[in-house]
Every structure is written in structure tokens, then in C-alpha cells.
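The structure appears below as C-alpha cells.
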Amino acid sequence: MSMTQHAEPAVTSPPAPGPKETDGRTSERPLALRLLARPEVGVFLGAAAVYVFFLIAAPPVRDGASMANILYSSSTIGIMALPVALLMIGGEFDLSAGVAVITSALTASMLSYQLTMNVWVGVIVALLVSLGIGFLNGWMVVKTGLPSFLVTLGSFLILQGVNLAVTKLVTGNVATDDISNMDGFDQAKKVFATSFDVGGVNIKITIVYWLVFAAIATWVLLRTKYGNWIFAVGGNKDSARAVGVPVAFTKISLFMLVGFGAWFIGMHQLFTFNTVQSGEGVGQELIYISAAVIGGCLLTGGAGSAIGPVFGAFMFGMVQQGIVYAGWNPDWFKAFLGVMLLGAVLINLWVQRTASRR
């Protein structure tokens, strides 16, 4: 017998097929739950509920012209809600957005009228002023480390006072002069405040701008490096800076983007009504922020989308015009709006909790 023995290799039979075990983190959830986890879905359901409610309560809403008015009202909110939403995703607020719209319109109007210049000169100067306000807000937030809530609250008060005081000083009134007869007005009106007919329904150009801006914002957030920067600085700016994200540039540029939105809506208001009331704009910033929050943008930053605020703005426009078409007392508008918005937020919360259950 040999002193050494060769062991036969062990043969291990494969285990019987059975259910694959997972740790719960990598398991694929059903498509329905994954869709419900998206912040846009909750606000979409809320907007649909508001729409159906007014279809029943206000029959004039079913008319094409009425829906065009609703979309127009939504677009003037939605165009500003988009940059405000991007800023919130980046972790900041801008409480001066509402009065900044009026500042832009006042600048273009008074500069053009008082100096008897082509209105396009006023439009360009107003753009520079709006971008400058956004830059200063962003620079103050980045350099001082103060909360953007405090910085832009200060900007809000400053702009509110300047709007009224300068307008009275220059025009002797609380409103600017009519600029409809000035050079360049007709061309500027075609850009910022024109309309066109579709099937006999008058459509305002801001509706088109609103949808185009939403598409661009969505592409930026989801397909560009800058979009990644926005989410990164909103989630954790220190971690973002550690991996090379230009935090200061990103935040300042987002504030300037809000300034651009304020300029655009300011020009629309100016060339729609030919004059500007210096005391307007107060409270609009809350509507812009609310549309973004209802659209799924977290108050803490780092999460959100551009599509959600589109539905959020539609809800505002639907309620604002729906009350009129329903023939209700407009004094109840704010209260009714608050109820509808709270309901939409609760629906959004319920949808997200439902999606998180297994």
C-alpha cells in the first residue's frame, strides 16, 4: 500500500433553485412604486384634482378661451417659479424675487421715458440691473455665510422702498408714464407680450416661453455638468467643494438666473400694460416659492425637478382663474388657495409615503 493517498476532489452539487435572496436595497421595486417616488407625480395628481374640481364647479373652464386664460396666468407664475426652483435645489431662497420683477420694469420704463430713449435701451439696462441684483444677493450669501433668507429679506425691503421712492421722485406719481408711443415699443411688445390664434383661441406668448424654459431647465438638471453641480451644492456644499464643484460660481449664477427671470416677467408686464405700479410685486415671491415646493423641491435643497414647478404653477393659475369663472366672491381667493395648496401637499406626502412602503 502506498504511503500517500490521493484524495478525490469533492463534488458539490448545485443548490436547488429557489427564490433569490436580497437585502432589500438592490431589489427592483414595481414600476408603479418607482413612478410614485418621483416628486412630480404627487403634484401632478394634485393639479389633476384641482382641474377636475373646477371642471365640475365652473362650467366656463371647459371653454378653450378660458383654458387659455388659465394657462396664461399659470405661465406668468411658472416662468419665475422655474429659476426659483433651481435656486432651491441649490439650497437657497430668494425673497426679493417678487419686487425684483417690478424693479426691472420700473428701470426700463423710467429710463426710456425720462431720457427719451429707444425702449430697447431701457430693456437692456433693466437686464443688467436684474442680473446685478442677483449677483449681489449671491455674492453676499457666499462671502458672508449668512442664510439666504436673511440676505434676500434685506434685498426685498430695500427694493420695495426704492421702487416706491424713486418712482415718486422721478415721475411725481406711484406709477410710471405710458411708453406705448416710444420708439421700439412695438418691436419689444412682439417679443415679450404678443399673442397668436390657434383654432380661434388667443394664446399668449408667455405660455410658449414657459414650456420652452421648462424643457431647457429639465435638460440642464438631468443632462449637464452644471445640473450635477446644482444638486451637489444643495445636498452638501462642503462635500461638493471637496470633489471640485465650484460652489461659489454655482450659487451666484443661480441667484443671477432668478434675476433673469425677474427681468423677463418685468418686461412682459411693462409691454402688456404700458405702465408699471411701483407698489406691486409684494407677496409674489411666496407664490413662486410655493409653486416650487409643491412641485417637489425640498426646503433643505438637493432635491427637486423643473417639471414639478410647472404643475405647481398650473395649480395657482387654475385656482386664480377658476374662482372667477365659478362666480365666487374673490375675497375668498387666498383662503381657498391655501386649502387647495395644503390638500396638494398632503396628496404629495401620501404618494411619497405610499411609494416608500414595500
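The values are calculated or read from the model by the stated rules, or taken from the named source; none is laboratory data. On a predicted model such as this, the values are computed, not experimentally measured, just so you know. We place every Cβ from the backbone using ideal geometry, glycine too, and count neighbours over all the protein chains shown. Heavy atoms of the whole protein, side chains included, go into the accessibility calculation; ligands, DNA and RNA do not. Shrake-Rupley method; radii C 1.70, N 1.55, O 1.52, S 1.80 Å.
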How large is ³J(HN,Hα), in whole Hz, for each residue of region 190-199 in order, when computed from phi with the Karplus curve 6.51 cos²θ - 1.76 cosθ + 1.60 and θ = phi - 60°, using x for Gly and Pro? 5, 7, 9, 9, 7, 8, 8, 9, 10, x
Sort out for me the Cα centre separation of region 177-199 from region 92-113, rounded to whole Å. 19 Å
With all protein chains modelled, accessible area of THR144 [1.4 Å, Å²]: 70 Å²
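Ordering VAL119, VAL174 from largest to smallest accessible area (1.4 angstrom probe), what's the sequence?
Details: VAL119 0, VAL174 55 Å².
Final ranking, largest accessible area leading: VAL174, VAL119.
Can you give the accessible area per residue of region 161-319, in Å², using a 1.4 Å probe? Kindly include the intermediate steps, with their values, before the conclusion.
Details: 7120 Å² over 159 residues.
Value for region 161-319: 45 Å² per residue.
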Once you keep just the Cα pairs under 8 angstrom separated by 6 or more residues, what percentage relative contact order results for region 88-164? 45 percent
Could you work out the relative contact order of region 176-279, using alpha carbon pairs under 8 angstrom and six or more residues apart, expressed as a whole percent? 36 percent
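Counting only protein heavy atoms and a 1.4 Å probe, tell me what percentage of region 100-176's accessible area is made up of carbon and sulfur. List each step's numbers first, then the result.
Values: 2800 of 3690 Å².
Percent of accessible area from carbon and sulfur atoms in region 100-176: 76.
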Given the protein chains as shown and a 1.4 Å probe, how many square angstrom of TYR51 are accessible, to the nearest 10? 80 Å²
Using θ = phi - 60° and the Karplus curve 6.51 cos²θ - 1.76 cosθ + 1.60, what whole-Hz ³J(HN,Hα) does each residue of region 154-170 get, with Gly and Pro shown as x? x, 4, 4, 5, 4, 5, 4, x, 5, 4, 6, 5, 5, 4, 5, 5, 7
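Given a Förster distance of 22 Å, report the FRET efficiency between PHE135 and LEU157 from their Cβ-Cβ distance, rounded to the nearest 0.05. Please report the intermediate quantities before stating the final value.
Numbers: r = 19 Å, r/R0 = 0.85.
E(calc), rounded to 0.05, equals 0.70.
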Positive-end residue of VAL282, HIS268, PRO246, charge dipole of region 141-285 with Cβ unit charges: PRO246
Take the solvent-accessible surface of the protein heavy atoms, probe 1.4 Å, and return the percent of it on region 235-330 that carbon and sulfur atoms account for. 64 percent
